[in-house]
Amino acid sequence: MNTAYVALGANLGDPAATVKAAFAALANLPESRVVHCSSLYRTAPVGMTEQPEFVNAVAELETTLAPEAVLEALLDIEKRFGRIRAERNGPRTLDLDLLLYNNQFVDLPRLTLPHPRLHLRAFVLYPLAEIAPNLKIPGRGTVAAWLPAVANQGIVRL
């Protein structure tokens, strides 16, 4: 079994309900099971700030799927939830990002692991620290060690 961590986020429609439904969709991935789900967190948008606040969370999966297959499954779930990629960092019905897959480094055109900005985002680090505070980000140290660096980013546990 492999361990993968997935970030979930939404800010259109009913984002809290969407993230909860996305947890259920992750639970139905083939050859996979959800091990842990974080609480939901309300966060300010990053980049394009003139949009609604986000609801974010993180899930831990055990899977026999390869990283590329996990990514494809996540993109399929996003599509089923009505995701349209109109603009970078824009509003979205659902965003699913593969953050980590075991301790692997992956550098492909469609997939970089660990996720290149996960250590810079409170909306990823806080929910990840809730379910795996001692988790090591390959090449960066533990999740908990990065929390002070993002402490000034607005985030509220729901």
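In summary, strands (runs of 3 or more DSSP E) completely within the range 1-109 and bearing 1 or more residues that are of a type in the set (D, E), out of contact with any Cys (no Cβ under 6 Å at 6 or more places or on another chain) and under 23 Å from V150 (Cβ atoms) occur at 54-63, 95-101. If I go through the range 1-25 residue by residue, how many of them are in contact with a Ser or Thr (Cβ under 9 Å, 6 or more places away or on another chain) and open to solvent by 30 Å² or more (accessible area, probe 1.4 Å)? Final tally of qualifying residues: 5. Taking the criterion of being open to solvent by 20 Å² or more (accessible area, probe 1.4 Å) and not aliphatic (A, V, I, L, M), the residues of the range 71-81 that qualify are E72, D76, K79, R80, F81. Within the range 83-105, identify whether any single residue is at pLDDT 95 or above, open to solvent by 60 Å² or more (accessible area, probe 1.4 Å) and of a type in the set (D, E, K, R), and answer yes or no. No, because not a single residue in the range 83-105 is at pLDDT 95 or above, open to solvent by 60 Å² or more (accessible area, probe 1.4 Å) and of a type in the set (D, E, K, R). Between A149, A129, the distinction of being touching a helix residue (DSSP H, G or I) at 6+ places or on another chain (Cβ under 8 Å), free of Cβ contacts under 8 Å to residues at least 24 places away in the same chain and either of a type in the set (A, V, I, L, M, F, W, C) or on the phi > 0 side of the Ramachandran plot (or both) belongs to A129 only. Can you find a residue in the range 60-70 that is farther than 28 Å from D107 by Cα, over 13 Å from the mean Cα position of the chain (by Cα) and either open to solvent by 20 Å² or more (accessible area, probe 1.4 Å) or not acidic (D, E) (or both)? No, every residue in the range 60-70 fails to be farther than 28 Å from D107 by Cα, over 13 Å from the mean Cα position of the chain (by Cα) and either open to solvent by 20 Å² or more (accessible area, probe 1.4 Å) or not acidic (D, E) (or both).
Scanning the range 26-54 for residues that are surrounded by 19 or more Cβ atoms within 10 Å (Cβ to Cβ) and under 20 Å from P67 (Cβ atoms) returns L26, L29, S32.
The values are calculated or read from the model by the stated rules, or taken from the named source; none is laboratory data. Since the model is a prediction, treat every value here as computed from it, not as a measurement. Note: ideal-geometry Cβ built from the backbone for every residue, glycine included; neighbour counts use all protein chains shown. Just so you know, the surface numbers come from the protein's heavy atoms only, side chains and all, with ligands and any DNA or RNA stripped out. Shrake-Rupley method; radii C 1.70, N 1.55, O 1.52, S 1.80 Å.
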